[in-house]
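**Student:** Structure provided below as structure tokens; questions to follow.
The values are calculated or read from the model by the stated rules, or taken from the named source; none is laboratory data. This is a predicted model, so every value here is computed, not measured. Every residue, glycine among them, receives a Cβ derived from its backbone with ideal geometry; neighbour counts consider all protein chains shown.
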Amino acid sequence: MPIITFRSSSTKDKRAYATAGDTSTILTVAKANGVQIPFECEEGECGSCLIRVEYPEGKPRMAIALTEREKAKLRELEKITEEQIRDAEVNDIAPPYRLACQFIAREEEVIIHYEVCAVEV
Ligand code: FES
């Protein structure tokens, strides 16, 4: 069961649990738990839902795949390099930034940093 901790500078941490096998995005889980991650399009196009993802030491990382749309937007925002994309696809090494409306947490524990990463759109 994925354990998701939402963290920002202006609120207390909020912990949420996603159902194993669930395909809800981080943005969907955030909304369901009253966490206000900025968003607009929900399609991976505007970049307003930019988050930084932290993985606790020693916890497994799974399903690091990025959609083509997410890769394109993160490249445009200069929040991912070609090397990080390759590492994600080949070595399951997670990139530090994701789009909350595209990222689906699987069997892992993640800390989602929002707000501080928000970009002007
Ligand atoms: S809400 Fe627009 S990219 Fe996520």
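**Student:** Out of E54, E83, I need the residue that is of a type in the set (D, E) and touching a residue at least 40 places away in the same chain (Cβ under 8 Å). Which one?
**Tutor:** Numbers: E83 fails: touching a residue at least 40 places away in the same chain (Cβ under 8 Å).
Exactly one residue qualifies, and that residue is E54.
**Student:** Looking only at residues in segment 13-44 that are exposed (fewer than 15 other Cβ atoms within 10 Å of the Cβ) and near the ligand (Cβ under 8 Å from one of its atoms), which one is nearest to P2 (Cα to Cα)?
**Tutor:** Ranking the qualifying residues of segment 13-44, first place goes to E43.
**Student:** Can you pull out the residues in segment 59-91 that are assigned to a loop (DSSP other than H, G, I, E, B) and either farther than 20 Å from S24 by Cα or at pLDDT 95 or above (or both)?
**Tutor:** First pass over segment 59-91, keeping only residues assigned to a loop (DSSP other than H, G, I, E, B): 59-67, 77-81.
Result: K59, L77, E78, K79, I80, T81.
**Student:** If you check every pair at least six apart or on different chains, which have Cβ atoms under 7 Å apart with a residue in segment 29-40 that is in contact (Cβ under 8 Å) with a residue 24 or more places away in the chain first and a residue that is aliphatic (A, V, I, L, M) and away from the ligand (no atom under 14 Å from the Cβ) second?
**Tutor:** Short answer, once both residue conditions are applied: V29/I4; V29/A16; V29/A18; N33/A16.
**Student:** Hey, another quick one. Can you tell me which residue in segment 46-58 is modelled with the highest pLDDT, limited to those that are in a loop (DSSP other than H, G, I, E, B) and away from the ligand (no atom under 13 Å from the Cβ)?
**Tutor:** Kept after step one, since they are in a loop (DSSP other than H, G, I, E, B), are these residues of segment 46-58: 46-49, 55-58.
From what is left, the residues that are away from the ligand (no atom under 13 Å from the Cβ) are 55-58.
On the way: Y55: 86, P56: 83, E57: 79, G58: 71.
Of everything passing the filter in segment 46-58, Y55 is modelled with the highest pLDDT.
**Student:** For segment 78-89, does any single residue satisfy the condition of being farther than 13 Å from I111 by Cα, within 16 Å of the ligand (Cβ to nearest atom), within 14 Å of the chain's Cα centre (by Cα) and not acidic (D, E)? Please lay out each step first, then the result.
**Tutor:** Taking segment 78-89 and keeping what is farther than 13 Å from I111 by Cα, we get 78-89.
Restricting the remaining residues to those that are within 16 Å of the ligand (Cβ to nearest atom) gives 78-80.
Keeping just the survivors that are within 14 Å of the chain's Cα centre (by Cα) gives 79-80.
Of the ones still in play, those that are also not acidic (D, E) are 79-80.
Scanning segment 78-89 turns up at least one residue that is farther than 13 Å from I111 by Cα, within 16 Å of the ligand (Cβ to nearest atom), within 14 Å of the chain's Cα centre (by Cα) and not acidic (D, E).
**Student:** Of the residues I4, I37, which single one is out of contact with any Gly (no Cβ under 7 Å at 6 or more places or on another chain), modelled with pLDDT of 90 or more and outside any loop (DSSP other than H, G, I, E, B)? Walk me through how you get there before you give the answer.
**Tutor:** Numbers: I37 fails: outside any loop (DSSP other than H, G, I, E, B).
Answer to the selection: I4.
**Student:** Now for a separate question. How many residues does segment 57-78 hold that are polar (S, T, N, Q) and in contact (Cβ under 8 Å) with a residue 40 or more places away in the chain?
**Tutor:** Going through segment 57-78, the residues polar (S, T, N, Q) turn out to be 67.
Still in the running and in contact (Cβ under 8 Å) with a residue 40 or more places away in the chain: none.
Total meeting the criteria: 0.
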